[in-house]
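Colleague: Dumping the structure here so I can ask a few things about it.
The values are calculated or read from the model by the stated rules, or taken from the named source; none is laboratory data. Keep in mind it's a predicted model, so treat the numbers as computed, not measured. With ideal geometry, Cβ positions are generated from the backbone for all residues, glycine too; neighbour counts draw on all protein chains shown. Side chains are part of the model used for accessible areas, which takes the heavy atoms of the whole protein and leaves out ligands, DNA and RNA. Shrake-Rupley method; radii C 1.70, N 1.55, O 1.52, S 1.80 Å.
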Amino acid sequence: MKQWFFYWRIIALGIGVILLMGCDSQAAPSGPDEPSGEEQPELAPNPVDTLVLSPTSFVDTFEVLGTSEPIDSVDVASEVPGQILEVYANEGDEIQRGQRLFRVDTETDEAGQQVLQTQVEAAERELARLEHLAEEGLTTGQAVDNARTELAQARHNLRQSQLSIDRNVVTSPRSGHMATRFSDSGEFANAGAPLAELIDYSTIVVYAQVPESQIRYIAIDERGELDVDFPALQKSVSGVIDRVALRPSPNTRTYSVEIHVDNEHLRIRPGMRARVHFERQSFEQTLVIPRDSILEGYDSREVMVVAGDDVVARAQV
């Protein structure tokens with residue numbers, strides 16, 4: 001009897017719970033779409049700028065840093081040693097071919113030339129004496145030949161001394177500008193040691209180091225024009241590829257590309273940094289989206305578009 005009473009209590013409690021749940025479900029809204037006692041405020045849309053896109057041409061490029069150098073440079077040196085007596089040009093001066101640059105002291109050669117001149121005169125007198133003796137049969141022909149050889153050698157030494165004196169003035173082998181002067185008046189000039197550097201930068205060569213991953217976009221026989229920016233001048237000019245290295249640099253694994261840029265007005269100076277824009281691929285009649293209009297989504301990039309014909313257009317992902 002007690003056991004049956006226990007079962008009925010469990011059943012009764014269960015029915016009570018069901019009744020209570022039923023009452024709660026009737027009191028609460030049946031779904032999120034049904035209005036509650038309080039209205040939720042509607043958020044106002046944020047105004048955005050829109051852009052109408054239309055098909056256009058687009059060139060995909062990549063940028064490489066480079067350095068500008070003169071098209072040609074040459075070191076000027078003295079052919080004879082001596083103290084520098086005069087300097088005729090300064091750094092930055094425009095130089096013409098054959099222009100005097102330095103004068104080297106050759107007093108030692110001039111003093112030695114007097115000795116050599118005396119030796120020539122003595123050799124001439126000795127030859128004349130032996131030739132006279134040979135006519136009278138008082139000397140051999142071998143002695144006359146030796147005298148003639150000594151005279152020729154003395155004359156050769158005199159000519160060499162004169163050439164050294166004539167070369168005491170250092171002249172420019174070409175036209176250009178004096179970029180650097182290594183020696184000044186009063187210093188000693190060694191034969192063959194550079195005294196100045198002359199450059200021609202009417203054409204600038206930009207050396208750009210192209211990564212191995214991008215070199216396939218540059219043809220060896222490419223002659224098309226490129227855009228070359230010089231940040232220091234805040235200007236962009238056109239350049240032409242002149243040479244593409246066949247081997248990469250062992251340290252950077254980049255290929256050196258030489259671009260020639262006309263520098264008629266000499267505004268581009270050697271050593272300036274440059275940015276070279278190489279063409280990777282070109283597209284015809286394609287839609288181009290500004291970079292700042294692209295959003296970074298959770299797992300991909302996204303853009304907002306205006307959809308529908310509503311009076312108030314709304315941008316959607």
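Colleague: Which distance in Å, rounded to a whole number, links the C-alpha centroids of the range 236-264 and the range 151-191?
Modeller: The range 236-264 and the range 151-191 have Cα centres separated by 38 Å.
Colleague: Which net charge results when you count Lys and Arg as +1 and Asp and Glu as -1 among the other residues whose beta-carbon is under 10 Å from that of residue 61?
Modeller: Here the charged neighbours net out to -3.
Colleague: Check residue 242: other-chain or 5+ apart residues with amide H under 5 Å from its amide H, H built from backbone geometry?
Modeller: 258, 259, 260
Colleague: Would you mind getting me the FRET efficiency between residue 212 and residue 283? Use the beta-carbon distance for r and R0 = 30 Å, nearest 0.05.
Modeller: For R0 = 30 Å, the calculated efficiency reads 0.75.
Colleague: Right, next: How many percent of the accessible area of the range 121-256 is carbon or sulfur, using a 1.4 Å probe?
Modeller: Taking all protein chains in place, the range 121-256 shows 47 percent carbon and sulfur surface.
Colleague: Find the accessible area per residue for the range 161-301; the probe is 1.4 Å, ligands and nucleic acids are left out, and the unit is Å².
Modeller: That works out to 62 Å² for each residue.
Colleague: Amide H of residue 175 versus every other amide H placed in the peptide plane: which residues, excluding those fewer than 5 positions away on the same chain, fall under 5 Å?
Modeller: 97
Colleague: Given an 8 Å cut-off on Cα distances and at least 6 residues of separation, report the relative contact order of the range 234-294 as a percent.
Modeller: Averaging sequence separation for qualifying contacts and normalising by length gives 24 percent for the range 234-294.
Colleague: Loop-only check: which trypsin sites (Lys or Arg not before Pro) in the range 167-247 are DSSP coil with at most 16 other Cβ within 10 angstrom?
Modeller: 167, 174, 223
Colleague: Using a Förster distance of 41 angstrom, determine the FRET efficiency expected from the C-beta separation of residue 145 and residue 165, and round it to 0.05.
Modeller: Computed FRET efficiency for residue 145 and residue 165: 0.85.
Colleague: Using a 7 Å offset from the Cα along the Cα-to-Cβ direction at both residue 264 and residue 246, what is the distance between the two label points in nm, to one decimal?
Modeller: Going from the residue 264 label point to the residue 246 one covers 3.6 nm.
Colleague: Sorted by average packing, counted as other Cβ atoms within 10 angstrom per residue and highest first, what order do 114-122, 46-54 take?
Modeller: 114-122, 46-54
Colleague: Let me ask something else about it. Residue 101's amide H: which non-local residues (gap 5+, or another chain) put their own amide H closer than 5 Å, with H modeled 1.01 Å from N in plane and none for Pro or chain starts?
Modeller: 170, 171, 172
Colleague: Here's another thing I want to ask about it. Step through the residues of the range 86-94 one at a time and calculate ³J(HN,Hα) from phi using the Karplus curve (6.51 cos²θ - 1.76 cosθ + 1.60, θ = phi - 60°), rounding each to whole Hz and writing x for Gly and Pro.
Modeller: 9, 10, 9, 9, 10, 4, x, 6, 6
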